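First the structure, in the form of structure tokens, and then the observations on it.
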Amino acid sequence: MFAKRLKILRKDLKLTQSELGKNLNLSQRAISSYENGLRFPDEQILNSFADYFDVSVDYLLGRTNIKNIYKNYD
């Protein structure tokens with residue numbers, strides 16, 4: 001689920017893998033590996049993705065379909 005959600009979030013922002021990698025100090029190859037399910041990020045990188053896309057880690061992992069529970073209370 002993580003790989004699919006990462007790719008969707010990136011494409012929603014119209015970013016290339018290289019652009020996302022540059023923004024998060026990761027290589028294009030790393031982003032590609034995450035999106036293709038070949039690698040899984042460590043806790044720090046997972047949190048970086050969540051912060052960057054303003055979603056919860058639970059959303060990235062497929063544990064919920066709510067992107068960010070705190071936005072629902074604004």
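Derivation of every value follows stated rules applied to the coordinates shown; laboratory data play no part. Owing to the predicted nature of the structure, the values given are computational and were not obtained by experimental measurement. Please note: Cβ atoms are built from the backbone with ideal geometry, for glycine as well, and neighbour counts cover all protein chains shown.
Things to note:
- Residues being out of contact with any Gly (no Cβ under 7 Å at 6 or more places or on another chain) and closer than 15 Å to A3 by Cβ - total across region 22-49: 15
- Selection status of R39, basic (K, R), surrounded by 13 or more Cβ atoms within 10 Å (Cβ to Cβ) and out of contact with any Asp or Glu (no Cβ under 6 Å at 6 or more places or on another chain): yes
- Residue in region 9-33 that is surrounded by the most Cβ atoms within 10 Å (Cβ to Cβ), counting only those that are of a type in the set (S, T, N, Q) and more than 16 Å from D51 (Cα to Cα): Q17
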